[in-house]
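Let me begin by presenting the structure, written as structure tokens, before commenting on it.
Read-outs: derived from the displayed coordinates by stated rules, not from any lab. Because the structure is a prediction, the values reported are computed rather than measured. Cβ sites come from the backbone with ideal geometry, for glycine too, and all protein chains shown count toward neighbours.
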Amino acid sequence: MVEMTLVYEGGLHATALHGPSGAAIETDAPIDNQGKGEAFSPTDLLATSLASCMLTTLAIAGEREGWKLDGARARVEKHMQLEPRRRVGCVVVELELPDTLPGAARQRLEEVARGCPVAASLHPDIEVDLTLRWVEIAAASVSFRAGEME
């Protein structure tokens, strides 16, 4: 069991604290839903959680199998659906993984990504559009700025 606590700060803004580490995440309602869009919205976190879970479970599988995944990247899009009620309708995840991995690893890693705990926890009405790209990843190129992935 992991406990998080949240405080509503007013103005559709909240702060979440991760109990074990003390790390904080701020959220804000999106501009299209009465907020200022000054931080991740709760539904942004859902989409980000999916991509993060995929990368994390891929890394766990890679460590176990001896596959080097350093520098792997994810880009995620959240698409809202407004009818019959406002909810996440589709999450698009694009993963960039090292092209040095063998074919057997590639198939297994796609299965791992699709079966990550967050993906398994999503409502079946949420469409997940997953694309894996096998790209050259330079050892020194493990970080990127927003918008860098193509």
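Restricting to the chain, what percent of DSSP beta bridges are antiparallel, rounded to 5?
On the way: 20 of 30 bridges.
Restricted to the chain, the bridges split so that about 65 percent are antiparallel.
Seen against the Cα atoms of the chain and their longest principal axis, helix 103-114 is set at about 10 degrees. Multiplying the residue separation of Ile31 and Leu130 by 0.36 nm and removing their Cα-Cα distance gives an extension gain of 33.0 nm. The distance separating the Cα centre of region 5-44 from that of region 80-116 comes to 25 Å.
Where nothing but the Cβ of Lys and Arg (+1) and of Asp and Glu (-1) is charged, how large is the charge dipole of the chain around its Cα centre, in debye to the nearest 20? Spell out each step's value before the answer.
Details: 14 positive and 23 negative charges, 43 e Å.
Computed charge dipole of the chain: roughly 200 debye.
Close amide-amide hydrogen proximity is noted between Leu132 and Leu95, each under 5 Å apart and 5 or more residues distant or on a separate chain (H modeled in the peptide plane; Pro and chain starts excluded). If only the Cβ of Lys and Arg carry +1 and only the Cβ of Asp and Glu carry -1, the dipole of region 4-81 around its Cα centre is close to 240 debye. Principal-axis analysis of the Cα atoms of the chain puts helix 42-65 at an angle of about 20° to the longest axis.
Scanning the chain for cysteines with no neighbouring cysteine C-beta under 4.7 angstrom from their C-beta gives Cys90. According to the calculation over all Cα-Cα pairs in region 1-40, the P(r) per 10 Å bin from zero is 32, 44, 21, 3 %. Put simply, the amide H of Ala29, placed in the peptide plane, has neighbours under 5 Å in Lys36, Gly37, leaving out anything fewer than 5 places away on its chain. Applying the Karplus relation 6.51 cos²θ - 1.76 cosθ + 1.60 with θ = phi - 60° to region 89-99 yields 3J(HN,Hα) values of x, 8, 10, 9, 10, 10, 9, 10, 10, x, 6 Hz, where x marks Gly and Pro.
Between Leu50, Leu132, Leu97, the Gaussian network model of the chain with springs among Cα atoms under 10 angstrom shows the greatest mean-square fluctuation at Leu132.
With R₀ set to 25 Å, the beta-carbon distance separating Leu45 from Lys68 gives a calculated FRET efficiency near 0.30. Listed from fewest to most Cβ neighbours within 10 Å, the set Cys90, Cys116 follows the order Cys90, Cys116. Amide H contacts of Met80: Gly89, each under 5 Å away and 5 or more positions distant or on a separate chain (H built 1.01 Å from N in the peptide plane; Pro and chain starts excluded).
Sequence-distant contacts, meaning Cα pairs under 8 Å at least 6 residues apart, place the relative contact order of the chain at 18 percent. Within the listed set Arg86, Arg75, Arg133, the Gaussian network model of the chain (springs between alpha-carbon atoms below 10 Å) gives the highest mean-square fluctuation for Arg86. Positive contributions from Lys and Arg (+1) and negative ones from Asp and Glu (-1), summed over other residues with Cβ under 12 Å from the Cβ of Gly71, come out at -2.
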